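Worksheet for the structure shown next.
The values are calculated or read from the model by the stated rules, or taken from the named source; none is laboratory data. As the structure is a computational prediction, the values presented were derived from the model and not from experiment. Because the Cβ atoms are built from the backbone with ideal geometry, glycine has one as well, and the counts that use them run over all protein chains shown. Heavy atoms of the whole protein, side chains included, go into the accessibility calculation; ligands, DNA and RNA do not. Shrake-Rupley method; radii C 1.70, N 1.55, O 1.52, S 1.80 Å.
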Amino acid sequence: MKKHIGWIAGAAAAALVAAGAITYAVAEDGGTATGASTPSAGSADAGFARDMAVHHQQAVEMSYIVRDRTKNAEVRQLAYDIAQTQANQRGMLLGWLDLWGLPKVSADPPMTWMGMGDMASGKDGALMPGMATNTELKKLGTLSGKQAEVFYLQLMTDHHKGGIHMAEGCVAKCRVGVEKSLAQGMVDAQQSEIKLMSDMLKERGAKARS
């Protein structure tokens with residue numbers, strides 16, 4: 001398992017380097033990768049940036065919670081990699097909104113840009129599919145050791161599945177080339193992490209919740 005964690009860590013480092021290049025490319029191109037006009041507030045590009053920034057923030061929060069609830073080196077390394085990668089990507093997404101002169105919040109429900117504004121009720125803090133509820137986050141903070149590891153891996157697997165669905169929506173609908181590339185990178189990385197987390201759950205006699 002350690003070699004898999006090492007691969008994820010290396011991939012995370014590569015993602016951070018690529019992230020800087022992507023941000024530079026957007027800035028150099030005046031906000032788009034195709035020379036098209038700056039995205040509007042209601043565009044898929046803006047909607048994805050806003051929603052994924054919120055989605056990523058919860059992944060970072062969960063990862064920091066479990067880091068303090070277990071001493072297992074592999075889980076702590078995975079949590080660190082996820083937190084660092086998604087915090088960096090979140091900064092990029094919010095930076096693009098600034099670059100485009102667009103608001104970071106919208107009166108529209110999350111995922112409206114995907115035609116799925118009624119997909120999540122927002123009940124108990126779960127604003128989008130895959131997001132943990134406030135109750136689940138509080139529970140994670142009360143667990144320790146193997147119980148915390150299993151619950152975190154289950155929550156993050158659900159979280160990644162929701163994130164992949166949204167990222168695939170951007171790949172299909174976004175117009176900014178580098179944003180589409182970032183979204184595809186999220187799909188690829190999170191699919192790999194889901195496989196890794198499945199193996200880690202099996203090692204602990206558990207499995208994903210769905």
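Measuring against 21 Å, Cα to Cα, the residue pairs LYS123/LYS195; LYS123/LYS146; LYS123/LYS161; LYS71/LYS123 contain LYS123/LYS195; LYS123/LYS146; LYS71/LYS123 as the ones spanning a longer distance. For the stretch 79-111, the residues whose amide N sits under 12 Å from a probe point set 7 Å from the Cα of TYR64 along the beta carbon direction are 83-84, 87.
Is the stretch 91-210 rounded, prolate or oblate when judged by the Cα gyration tensor, a ≥ b ≥ c being the square roots of its eigenvalues, rounded requiring a/c under 1.5 and prolate requiring a/b larger than b/c?
Working: a/c = 2.25, a/b = 1.60, b/c = 1.41.
Prolate.
Expressed as a whole percent, the accessible area of the stretch 28-154 that falls on carbon and sulfur atoms is 50 (1.4 Å probe). The HN-Hα couplings worked out from phi for the stretch 180-188 by the Karplus form 6.51 cos²θ - 1.76 cosθ + 1.60 (θ = phi - 60°) are 4, 5, 4, 4, 5, x, 5, 4, 4 Hz, whole numbers, x standing for Gly and Pro. Maximal additional length on extending the MET119-LYS139 stretch stands at 4.7 nm, based on 0.36 nm per residue less the C-alpha distance.
Accessible area per residue, 1.4 Å probe, Å², for the stretch 65-111: what's the number? Numbers along the way, then the final one.
Values: 2330 Å² over 47 residues.
Result: 50 Å² per residue.
Mean separation of Cα pairs under 8 Å and 6 or more residues apart, divided by the residue count, gives the stretch 41-178 a relative contact order of 34 percent. Taken along its three principal axes, the alpha carbon spread of the stretch 139-196 comes to 44, 20, 14 Å, from the longest extent down to the shortest. Counting charges near THR85 (Lys, Arg +1; Asp, Glu -1) among other residues having Cβ under 13 Å from its Cβ returns a value of -2. Taking all protein chains into account, the per residue accessible area for the stretch 161-205 stands at 42 Å² (1.4 Å probe). Rounded to the nearest Hz, the phi-derived 3J(HN,Hα) couplings of the stretch 75-84 under the Karplus curve 6.51 cos²θ - 1.76 cosθ + 1.60 (θ = phi - 60°) are 5, 5, 5, 4, 4, 5, 4, 5, 4, 5, where x marks glycine and proline.
Sparsely packed loop sites in the stretch 130-210 (the trypsin sites (Lys or Arg not before Pro) outside DSSP H, G, I, E and B with at most 16 other Cβ atoms within 10 Å) comprise ARG175, ARG204, LYS207, ARG209.
The distance between label points at GLU203 and LEU127 comes to 3.3 nm (points 7 Å beyond Cα on the Cα→Cβ vector). Sequence-distant contacts, meaning Cα pairs under 8 Å at least 6 residues apart, place the relative contact order of the stretch 67-140 at 12 percent.
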